[in-house]
Amino acid sequence: MKRALLATAAVVAGLVVAGLAAPVGIAADTPNATPQHVDDFQLTDQTRLAQRLYYFGYTPAIVVMTRSNGSAYSHAADAELQKLNAAYKDKGVIVWALDSNLADTRDAVAADVAKEGLSVPVLIDEQQLVGESLGVQREGEVFVINPKTWTVAYRGPMDGRASKAVDALLAGHAPEITRVALSAGKPVAFPEKAHAAEFANISYTKDVAPILQEKCVSCHVNGGIGPFAMNSYEVVKGFSPMIRETVRTRRMPPYFADPHIGAFKNDQGLTAEQTKTLVHWIEAGSPRGQGLDPLLSNASKTAPEWPVELGKPDVVVDLPAFKVPASGLVEYQNQVVPNPFNENTWLKAIAMKPGDRRVLHHVVSNHVPDPNMPAAAIPGGSVGSYTPGSQPQIMADNSGAPVPAGGRLHFQMHYTTMGKETVDKTQVGFYTLKTAPEYIKRSTVISTFALMIPAGEARHQEVAYLTFPADAYLYTLYPHAHYRGYHVELKQVTPDGKEAMLLSLPKYDFNWQRDYDPVKPILVKAGTKLVATWVYDNSEHNPANPDPKRNVTWGEQTPDEMMYFRINYRWADETVTHIRDDLQSKLYASQMMGSLDSNLDGFIEPNELKGPLGGLRARFAEFDTNHDGKLDAAELSKAMPSRRMARNKQATPDL
């Protein structure tokens, strides 16, 4: 206790020296400026990681301080915030900075705080919805939030009163609610506030309903995957509080790509303006206004049997029915059906229709050649996949997915139980090309079978890569993990060391897994590494975590975990008449090094042999034949026999 008091005193002393502590007795802010209740939100910080307020409901206190980029006043406040974080971090207090300035981009904020050495997360409030709801007025304002009640225990300058509120919360007491207005620091401009009185004039007919029709109704339709049908104003009005909450926490619409990285064909996310329109309309009471209700036209609509954009498939394959028990782990079901194609066929799209999406976790597939037939003239591969929330796989750019004639189609079915017995009977719809395309669509996986997530670790990172031996074009980016997956990114690193981010999901959601198809195929030059980074939450605070007390390794069942990133691509110089299986072999040859080389230097050091491979450290000197303290590709190949690679490929199906 004495140590805590000394730490608090040091922080307060620093604030006074910095000139940030306000004089006692300054006028309180207006009663309505600070909310009675702090609603949940999710914002992305300067490191591209999502931070959700209510996730930290287990903590004793949350401190949020407003800041401005490039401001001397904010820099001084940041330094004191850093000290505050150092004093309370080990006590479980969460400390954030909040930047609501429209002119402050995330990259600029990241550069600014890196230069000044601020290590706390800076939440980028680029839509200003959080700053608006908190009533932010100036830089340097401190909000001490009580997670037990989600109320603001203290609002004012960073002086002894802020620390006193934190100390009271740490002691389990309800601190006296304090509101102190700031007189220093530049104001934060909130342009929308000037029009707050006009939010009630937002038109449901002209402004709100069109957004819902564009981004929500395809799922929220009778028989659709959404929990209710958006088919009238009355329904939307009734669900308005939930809509506001899911939009503010970025759980809906279920599209999670960072809008500042890449542009994707299947972008279902709300734009900044759409988000503000919905939230402001709901905060104004969801007024009906004048005009017809556009959503009434959806009252009689039901979810289509097959994707609207594709229509009825050319060929439909019925997979065998499977009875899923009420409980327990279900072994993977390997279903094999005759190949419906008697001739070499090229697919332009594949759609899977689950029989019971409540229990179907995933489907992966491949063509199995007939051993009694000559080798096919076209390569075989995946014939479709399914994961929760996935969309149909559509080929593009005069390319197709090859299916050799004859043989069989193999479907690996993964089921999870739901407390009630049910029967799944999934169908696969194939859309064929009438003539052969020019290009072959291929796929591969970036992964590491040496995955090991320590028990209780909240932000564990794993890195893996593939090195492309020749120029290629990327068509689809697909990340996959299980319940502990928290955050994922993919970047390319060219041979000269230049980096470019291709995809970032600040917060991964296991329940909504989808392909991210670049609007324009991404050219990857020869020698480029595609680097996937996964962050996992194996803590007890992850509500979906099957067992936070377990050291988690690679496994196919959902209580286990995967580090997986599928890429769909084509080789730049490969055509249907010029097949480059040699490039495939070279690409696969880089998998082992890329799965272990976490620092991307092209060598394996002892500390990179972790998880299931940790036991190899004892034999490291034996494998290190040139005695340079690291393993090159040739040495690694001898240390890791082909049977290990075969087992890895079996455990990483072509999703």
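The values are calculated or read from the model by the stated rules, or taken from the named source; none is laboratory data. All values derive from a computational prediction rather than experimental measurement. With ideal geometry, Cβ positions are generated from the backbone for all residues, glycine too; neighbour counts draw on all protein chains shown. For accessibility, only protein heavy atoms count, side chains too; no ligands or nucleic acids. Shrake-Rupley method; radii C 1.70, N 1.55, O 1.52, S 1.80 Å.
For K83, which lysines qualify as cross-link partners when the Cα separation must be under 25 Å and same-chain residues fewer than eight apart are set aside?
Straight-distance partners of K83: K2, K91, K115, K148, K164, K186.
Which stretch or stretches of the stretch 444-475 have amide N atoms under 18 Å from the point lying 7 Å from D573's Cα along the Cα→Cβ direction?
Flagged as within label range: 468-474.
Compute the convex hull volume of the Cα atoms of the chain, divide it by the residue count, and report the result per residue in Å³ as a whole number.
Per residue, the Cα convex hull of the chain comes to 185 Å³.
Say the dipole of the chain comes from +1 at the beta carbon of Lys and Arg and -1 at that of Asp and Glu; which of T59, Y465, Y431 then lies farthest toward its positive end?
Among T59, Y465, Y431, the one farthest towards the positive end of the dipole of the chain is T59.
Apply the a/c threshold of 1.5 to the C-alpha gyration tensor of the stretch 139-295 and tell me whether it is rounded, prolate or oblate.
prolate
Report in % the part of the accessible area of the stretch 220-311 that belongs to carbon and sulfur, leaving out ligands and nucleic acids; probe 1.4 Å. List each step's numbers first, then the result.
Details: 2600 of 4480 Å².
C and S fraction of accessible area: 58 percent.
What figure, in Å² to the nearest 10, do you get for the accessible area of R106 with a 1.4 Å probe and non-protein molecules left out?
Result for R106: roughly 30 Å² accessible.
With n ≥ 4 as the cut-off for DSSP H runs, can you work out [θ] at 222 nm for the chain, using -39500 (n - 2.57) per run divided by the number of residues, rounded to the nearest 500?
-6000 deg cm²/dmol, from helical runs alone.
Return the percentage of antiparallel bridges among DSSP beta bridges fully within the chain, rounded to the nearest 5 %.
Just about 85 percent of them are antiparallel.
Using +1 on the beta carbon of Lys and Arg, -1 on that of Asp and Glu, and nothing else charged, what's the dipole of the stretch 500-628 about the Cα centre, debye to 20?
For this selection, approximately 280 debye.
Share of the stretch 578-640's accessible area from carbon and sulfur, percent, 1.4 Å?
53 percent
Toward the positive end of the charge dipole of the chain, about the Cα centre and with charges on Cβ (Lys, Arg +1; Asp, Glu -1), which of M593, A197, G328 goes farthest?
Final value for the positive-end residue is G328.
Whole number in Å², please: accessible area per residue of the stretch 459-508, 1.4 Å probe, ligands, DNA and RNA not counted.
Dividing the accessible area of the stretch 459-508 by its residue count gives 29 Å².
Can you sort W554, W96 by solvent-accessible area, 1.4 Å probe, largest first?
In descending accessible area the options line up as W554, W96.
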